[in-house]
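What follows is one structure encoded as structure tokens, with my remarks underneath.
Any read-out appearing in this document is the output of simple, stated calculations on the displayed coordinates, not a laboratory observation. In this text the structure is predicted, and so the values were computed from the model without any measurement. When we count neighbours, we look across all protein chains shown, and the Cβ atoms used for this are built from the backbone with ideal geometry, even at glycine.
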Amino acid sequence: MTQAQALSILKTGANVFLTGEPGSGKTHMVNQFVSYLRTHGIEPAITASTGIAATHIGGMTIHSWSGIGIKRNLDQYELDRIASNERIVKRVARTKVLIIDEVSMLAPATLAMVEMVCREIKQNQQSFGGIQVILVGDFFQLPPITREKELILQKALLEETIPQFAYDAPCWRQSDLVICYLSEQHRQEDRDFLSVLSAIRSNSYDKSHHVHIEKRRVAIKNVPDDIPRLFSHNVDVDRVNSEELLKLQSKEHVFEMTTQGVPLLATALMKGCLSPEILKLKVGAKVMFTKNNLQAGFVNGTLGEVDELVSYGSPLIRLKNGRIIIAEPNGSHRCL
């Protein structure tokens, strides 16, 4: 399905599960739909299953939005308590469209609790209290975080499969979701690489794909210095980045994160933000964008190099294709 087709379905008011491979434009579609709603006087509730995902779409976690916090179950007492919270009631009551991003990481019990809160506050027994729900994500990606030992114990005691994904929640089926599977690819142009990714995704990986991977194998002693390296701990990443930055002779510029709004919410968003609170840059430094902005010409993961830095100005970043992008503040956190 193309993005245009998906957007047409979203505009009908139907409940939708928006999915597709990485790079198919799910976040872009959310932004397009949000813009459409706002031009028609509708302010959607924009949420995500994690703080990091929330910063990408300029929203808040679904846990905070619904008032359920870190609860694992919701009894009548807790439901009544949430439904008597004036701030949460006002937020949910005025919501006509609810967007939940990275739904693959949402446990079925959590989605069920959110749905209960919506019905209770809206005093409407329709699914999610009659709110149009847009669930966004890809179940081939990260699953919900569960306590493995607890899950194994439950399976042993009940001798049956334990619901693990959001689509296992009864409200998923009751919402009568229209599945919009985006089939276009906007992040990668290497067809061989895309073939490998798709094969892994569909469990059809074979020798032809392995041959392509083997062609890219490089001995450790021959690894180029200018390619990204992966580490399992942030402290190692910070150490290497600092060492590389010190090697550059150009003047250092410091960019500090700024926030506004409710302090507790701002703090939560800062913790989930992929970009550092204090960003130190020099001309020649390698950088990576951590947000999607197709109009500006970059997505989360786009690599570049600082081409120019001026006092009190935004960095000019030169991409690998030679294009220059002005990395201006964007959304809820700085692009770099």
When the helix-only estimate is applied to the chain (DSSP H runs of n ≥ 4, each -39,500 (n - 2.57), divided by the residue count), what is the mean residue ellipticity at 222 nm, nearest 500 deg cm²/dmol? -11000 deg cm²/dmol
Pick from ASN31, ASN300, ASN85: which is most flexible by mean-square fluctuation in a GNM of the chain where alpha carbon atoms under 10 Å apart are linked? ASN85
Counting DSSP beta bridges in the chain, what percent are antiparallel, to the nearest 5? 45
Which residues qualify? For ALA48, with a placed amide H closer than 5 Å and at least 5 residues away or on another chain, they are MET60, THR61, ILE62, ASP101
Between the modelled labels at ASN234 and LYS11 (7 Å from Cα along Cα→Cβ) the distance in nm is 4.2
Potential lengthening between GLN125 and TYR77 on full extension [0.36 nm per residue; Cα-Cα distance subtracted]: 15.4 nm
Which of the helices in the chain, when you take each full DSSP H run, stretch at least 18 Å along the axis at their Cα atoms and have an average Kyte-Doolittle score of 0.0 or higher? 108-122
The exposure ranking of MET105, MET113, fewest beta-carbon neighbours within 10 Å first, is MET105, MET113
Let me know the number of lysine pairs in region 3-182 closer than 25 Å at the Cα, not counting same-chain pairs under 8 apart. 12
Least to most buried among ILE9, ILE57 (fewest other Cβ within 10 Å first): ILE9, ILE57
Least to most buried among VAL218, VAL287, VAL178, by other C-beta atoms within 10 Å and fewest first, runs VAL218, VAL178, VAL287
